[in-house]
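Asks: One structure is given below, represented as structure tokens, and several questions about it will come after.
The values are calculated or read from the model by the stated rules, or taken from the named source; none is laboratory data. Keep in mind that what you see is a predicted model, and the values were worked out from it rather than measured. When we count neighbours, we look across all protein chains shown, and the Cβ atoms used for this are built from the backbone with ideal geometry, even at glycine. The area values use the complete protein model at the heavy-atom level, side chains included, leaving out ligands, DNA and RNA. Shrake-Rupley method; radii C 1.70, N 1.55, O 1.52, S 1.80 Å.
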Amino acid sequence: MSLVLLIFLPIIAALFIPLLFKKVGQIHTGWFVLLVPAALFIYYSTLLPSIAEGGNRVSELQWIPSLDIAFIAYIDGLSLLFSLLITGIGALVVLYSIFYLDKYREQLHNFYVYLLMFMTAMLGVVQSDHLISLYLFWELTSISSFLLIGYWYTRDRSRFGALKSMMITVFGGLMMLGGFVLLGIMGNTYSIRELISQAPELVSHDFFVWALVLILLGAFTKSAQFPFYIWLPDAMEAPTPVSAYLHSATMVKAGLYLVARFTPIFAASGTWVWLVTGIGLFTMLWGSFFALKQKDLKGILAFSTVSQLGLIMSLLGVSAAGFHVENATEIALNYAGFAAIFHLINHAVFKGSLFMIAGIVDHETGTRDIRKLGGLMSLMPISFTVAMIGAFSMAGLPPFGGFLSKEMFLTGMVALTEFDLFSMDVWGIMFPVIAWIGSVFTFIYSFYFVFHTFAGKHKPEELPKPAHEAPKGMLISPVFLAILAVVIFFIPNIVGEWLVKPAVAAIQPFMYDSPQAVDVHVAAWHGYITTELWMTIAIFTVGGLMFWTLRKWQHLYDRFPNTLNSLYDNLMFLSDTGANRFSRTYMTGFIRSYLVYMFSFLVIIVLGTFVLNDAFAIDMNNTAPVGLYEIVIMLALVGSTVTILFSKSRLTAIIALGAVGYSVALFFVIFRAPDLALTQLVIETISVALFLLAFYHLPQISRKEERMRFRFGNALIAFGVGVTMTLVALAAHSGKALPSISEFYKETVYKEAGGGNIVNVILVDYRGFDTLFEIGVLGIAGIGIITLIKLRLTKKEGQHENK
Amino acid sequence: MEIIMSVVIGFLFMAAVYLMLSKSLIRIIIGTGLLSHGAHLLLLTMGGLGGESPPVVADGVSVSDYADPLPQALILTAIVISFAVTSFFLVVAYRAYQELGTDNMELLKGTEDHE
Amino acid sequence: MKTNDVMLQTVTKVVTFIILMFAVHIFFAGHYTPGGGFVGGLLTASAIVLLMLAFGIQTVKKIVPVNYVVMTSVGLLLAIATAAASILFDVPFFTHAYDYFDLPLFGKTSLHSAMLFDAGVYLVVVGVTMTIIQTIGEDE
């Protein structure tokens, strides 16, 4: 229970943010927000010892018990690691944003409400054990990401980027929901833990591959894998704290989390291993290759994030391959799972700091265009140092954390060549080759990012603002992360013991039954003659040479067409205009056309059902006798209706309508419905008064009247509806499928409801809901009428925005 | 009786639909009024018209042959709602005439650039 | 409408009160005999409409200074509060209760929570009907 409530803590705190922003405006709202992730981080840290021993925590809150849907917070090694990342990086990002966003100019209440909403959503994703609540939180991350990217909503690029990310991730989310439902059908449960325990039976199910592909679509769109990555570069329109938080450290890793979480279920499938490894590795190459094309600092980082996510994704794929090997713990494959998690931590650390530096450069110089930047080293020494540490860690240089995980990545890829399932013996050699090329480009763009910004010639005339070092508060978070990147290099095994191994045990339960069983020891130095070492040395040399000559060949990038993005743009354009054109074929603007559609469908559907079920029935028995009064009233009713049809003046028509109403009231009298008769009489009177009032104000209309011409088409439809209704009335009277519920009312009305007039008791008691909503409708109609008459918007043409 | 009522209901619906398909806004409003009358009678007929006494239990003494109270309750709700809707329509027509000077649906169609 | 309405006005003075008394009667009788909030509300509204026809809207507005929009909202709130009150007694939404009491003047009377709900309906019906007529009537 309490763990579930902690998930909701940020969103509950968000309720108070607008109030704090309005009332305590002189203190930056961020300081209050900071308390939330900081407190959560401290709490989750206290769980570390028990989780590191292989324990777990579960708590449950019922949501829709009738459908068996609940919020279940399940914390094991993997969930805890992500929760710590979310709250830890979250706290640092909030701290950074306090200095990044101006408290007077920015709409901080919006910003922090979205951010806290995201925090809840993300914690929910990584802790939910129930698939449906996981999906709910998953889409909530998409929505809060949409709101945060569009935070500066007056900019076209922001709105475009927000919509693009929403379109792609929500598409993936829906696919994933399909996969979840299939899993639910297969295993007859929505609990991930129960599904994992059933994994061996699920494999042979018909839906297995479908569920696999659908869930991967969700993961790939969220984690910006090829070809869905195109939303991430456009998402860079968000404020930089958001990019650092959502689009590098947390949200885009939700896809990785999903793949890791489902590895125990899907690892048995060769499709899974191939797809996850293959797409991941290709994304890594693609992202790193195109990072060099970018001119925008954040664009470079976006492509680098795509590439790094691909790297981690491929490692997760390799760790699933461990399922198929008898002695997986013996050979080097066991590095893969460890490397994936370890690199995930490293990436959050160095990429977070790099984004913050990009934000600082933007903030202090006014531009992120790398062609205008240069030579900032002497002006911004601290930022330069942090950027260098982050970039070197990303490039895989010692002594930074990234070096260790990059080495393990290469080890894992090389190990694939020894793997002899799924025709890996033929294609396996491709993996280390692609990994190596990707790493070379990673090396180059890391250097490109740092040195083209901070080294070279300073061009003050091109900068919108004179460059200077950032304020101290803004530097706290990036400096802290940079220090962390160094520290991790020296204590990799402590990090491994507390954070990585418990998570690995959750990903590869088929290999390890407890975190202690994960037999991986990280060392910076493996010996002289390992393949990985030579690969690393080759990366440094080739990468260094290519960076040296970068200016000579970078222009070649302009020859690559931007196929994927234009595909997306065309798709959006076509669906927009296509839907527009299609709806114009039937949306004529005539109310008559719409009524014709509705009535024709009514006739077709009702008569069709009649024919299909053979429901035509006329029961001549059991009818009430026909009396003289009835006949007279009926004639009056029909007569007044005919008068309406043929009347030339409106006044006649209205009076005839009144006559119809009074005839109906008389019917109610005859058929023993006193309440109805009373109501109908009064209503009819007031209606006539109302019509007269309206006509009193519109004298011109009632004088001259265009004669209503007979139209055959209209008459045909009208006749059809009339016949249908007669048939319905006959059939309803003749065949009764169920006995009337009225018997129940008659028995209970006096004893249980304490009333005598059954009709009124039905209204206020048995079916009170109807009445409640009815008076609601009445109120709405009243409001509508007041609005129509009192508000004269058309009179104020000048205020119309588009004119 | 129910058979004849069914025919009358059909006739009411037919007249209502014919009016609703015409061009004049005020005729459409009258048509909706007729439509609701037809619907009320339809509900009443569905429940059977043969009840001997109104659905009122006097002092706890139950009579066997009541008119069916459920359709009556439904109709009561429907009457009041249709009154609200009719008056709303009326105001729409009235305002449309005030602003645009016509109640002809063909002229009220709107143009291509009104989107 | 500046015709001589002496007859109408004289009759209205008497008839209005008859209608109002009848409306109140029918509202309270509604649970046991024909009547109830809807009819009672409509009758009340029709009495006021009659007044308006006889004396003009502005005069009636002075005599009966009621804000009908507020009346509607009060009715809606009363209805939903009656329905929701049952939650406080740990029974499902919309559960009504009634009991018999000995009141002075009335003798043995049954009191219903459903009556409160019906009073909400009454207020809404009067409020909305009068809102509609008043807004249209006042519009120039």
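Asks: State the extension gain, in nm to one decimal, for the chain segment bounded by A:Ile631 and A:Phe207, taking 0.36 nm per residue of separation less the distance between their alpha-carbons.
Replies: So the extension gain works out to 146.1 nm.
Asks: Using a 1.4 Å probe, what is the accessible area per residue for the range A:620-704, in Å²?
Replies: I get 47 Å² per residue for this part.
Asks: What nm distance separates the two modelled labels at A:Ile429 and A:Ile655, each placed 7 Å from Cα along Cα→Cβ?
Replies: Each label point lies 7 Å from its Cα, and together they span 10.3 nm.
Asks: Also: Just to confirm the filter: which GluC sites (Glu not before Pro) across the range A:104-202 are DSSP coil and have at most 10 other Cβ within 10 angstrom of their Cβ?
Replies: Here no GluC sites (Glu not before Pro) fit, given the DSSP loop and packing criteria.
Asks: Also: Could you compute how much accessible area chains B and A hide from each other, both sides summed, with a 1.4 Å probe? Nearest 100 Å² is fine.
Replies: Buried area (both sides, nearest 100 Å²): 8200 Å².
Asks: Rounded to the nearest 100 Å², what is the sum over both chains of accessible area buried where C meets A, with a probe of 1.4 Å?
Replies: 3500 Å²
Asks: Pull out the extension gain between A:Asn613 and A:Lys472, defined as 0.36 nm times the separation in residues minus the alpha carbon to alpha carbon distance; nm, one decimal.
Replies: In short, 42.8 nm is gained.
Asks: Something else now. So the label point goes 7 Å from the Cα of A:Asp369 along Cα→C-beta, right? Which residues of the range A:296-313 then have their backbone N under 17 Å from it?
Replies: Backbone N within reach: A:296-300.
Asks: Would you mind computing Rg(Cα) / (2.2 N^0.38 Å) for the range A:335-379, counting N as its residues?
Replies: Taking N as the residue count of the range A:335-379, the ratio is 1.62.
Asks: Where in chain A is the longest stretch that carries no chymotrypsin sites (Phe, Trp or Tyr not before Pro) classed as loop by DSSP and with at most 10 other Cβ atoms within 10 Å?
Replies: A:105-524
Asks: So, one more: Under a Cβ-only charge scheme (Lys and Arg +1, Asp and Glu -1), can you give me the dipole magnitude of the range A:1-105 about the Cα centre, in debye to the nearest 20?
Replies: My answer is approximately 600 debye.
Asks: Same structure again: Determine ³J(HN,Hα), in whole Hz, for all residues of the range C:69-85 in sequence, where each value follows from phi through the Karplus function 6.51 cos²θ - 1.76 cosθ + 1.60 and θ = phi - 60°; x replaces Gly and Pro.
Replies: For the range C:69-85, the Karplus-derived couplings read 5, 4, 4, 4, 5, 4, x, 4, 5, 4, 4, 6, 5, 4, 5, 7, 4 Hz, x marking Gly and Pro.
Asks: Using amide H atoms built 1.01 Å from N in the peptide plane, name the residues 5+ places from A:Gly374, or on other chains, whose amide H lies under 5 Å from its own.
Replies: A:Lys459
Asks: Determine which residues of the range A:112-156 fall in the zone a paramagnetic label at A:Val58 would reach in this model, i.e. backbone nitrogen under 14 Å from the point 7 Å along Cα→Cβ.
Replies: Backbone N within reach: A:128-131.
Asks: Determine the share of the range A:29-151's accessible area contributed by carbon and sulfur atoms, expressed in whole percent, with a 1.4 angstrom probe.
Replies: Answer for the range A:29-151: carbon and sulfur cover 64 percent of the accessible area.
Asks: With a 1.4 Å probe and every protein chain kept in, tell me what percent of the accessible surface of the range C:6-138 is carbon plus sulfur.
Replies: Answer for the range C:6-138: carbon and sulfur cover 77 percent of the accessible area.
Asks: Given R₀ = 30 Å, FRET efficiency for A:Leu550-A:Leu48 by Cβ-Cβ distance, to 0.05?
Replies: 0.10
Asks: Which value, in Å to one decimal place, does the Kirkwood hydrodynamic radius take for the range A:332-456 when every pair of different Cα atoms is included?
Replies: Computed over the range A:332-456, the radius equals 15.9 Å.
Asks: Have a look at the range C:6-138 and give its Rg and Dmax from the Cα atoms, expressed in angstrom.
Replies: 17.1, 59
Asks: Considering only protein heavy atoms and a 1.4 Å probe, what is the carbon-and-sulfur percentage of the accessible area of the range A:620-704?
Replies: 71 percent
Asks: A further question on this structure: Using only alpha carbons, build the gyration tensor for chain B and give me the equivalent ellipsoid semi-axes, biggest first, whole Å.
Replies: Computed over chain B, the values are 40, 16, 9 Å.
Asks: Please find the FRET efficiency linking A:Val688 to A:Asn580, where r is the Cβ-Cβ separation and R0 is fixed at 35 Å, and quote it to the nearest 0.05.
Replies: Given R0 = 35 Å and the Cβ-Cβ separation, E is 0.20.
Asks: Can I ask one more? Leaving out ligands and nucleic acids, and using a 1.4 Å probe, what accessible area per residue does the range A:91-163 come to in Å²?
Replies: 32 Å²
Asks: While we're here: In whole angstrom, how long is each semi-axis of the equivalent ellipsoid of the range A:107-164, when you take the square root of 5 times every eigenvalue of its Cα gyration tensor and sort them from largest down?
Replies: 25, 13, 5
Asks: Which residues' amide hydrogens lie under 5 Å from the amide hydrogen of C:Tyr32, considering only partners 5 or more residues apart or on another chain, with H built in the peptide plane?
Replies: Here A:Gly756, A:Asn757 satisfy the definition.
Asks: With contacts defined as alpha carbon pairs under 8 Å and 6 or more residues apart, what's the relative contact order of chain A in percent?
Replies: Relative CO of chain A lands at 10 percent.
Asks: With θ taken as phi - 60° and the coefficients 6.51, -1.76 and 1.60, list the Karplus ³J(HN,Hα) couplings across the range C:20-30 in order, rounded to whole Hz; mark glycine and proline as x.
Replies: Using θ = phi - 60°, the values come out as 5, 4, 4, 4, 5, 4, 5, 5, 6, 6, x Hz.
Asks: Continuing with the same structure: The range C:1-101: which chymotrypsin sites (Phe, Trp or Tyr not before Pro) are DSSP loop and have at most 15 other beta-carbon atoms within 10 angstrom?
Replies: Filter output for the range C:1-101: C:Phe89, C:Phe93.
Asks: Next question, about the same structure. List, in order, the whole-Hz ³J(HN,Hα) value for each residue of the range A:623-632 obtained from phi through the Karplus relation with A = 6.51, B = -1.76, C = 1.60 and θ = phi - 60°; use x for Gly and Pro.
Replies: Running phi through 6.51 cos²θ - 1.76 cosθ + 1.60 with θ = phi - 60° gives 10, 6, x, 9, x, 5, 4, 4, 4, 4 Hz.
Asks: Sticking with this structure for a sec: For chain A, restrict the atom set to alpha-carbon positions and state the Rg and Dmax in Å.
Replies: So, for chain A, Rg and Dmax equal 35.1, 114 Å respectively.
Asks: Report, as a whole number in µm² per second, the diffusion coefficient that Stokes-Einstein gives for the range A:264-348 at 10 °C and 1.306 mPa s using the Kirkwood radius over alpha carbon pairs.
Replies: Diffusion coefficient, whole number: 118 µm²/s.
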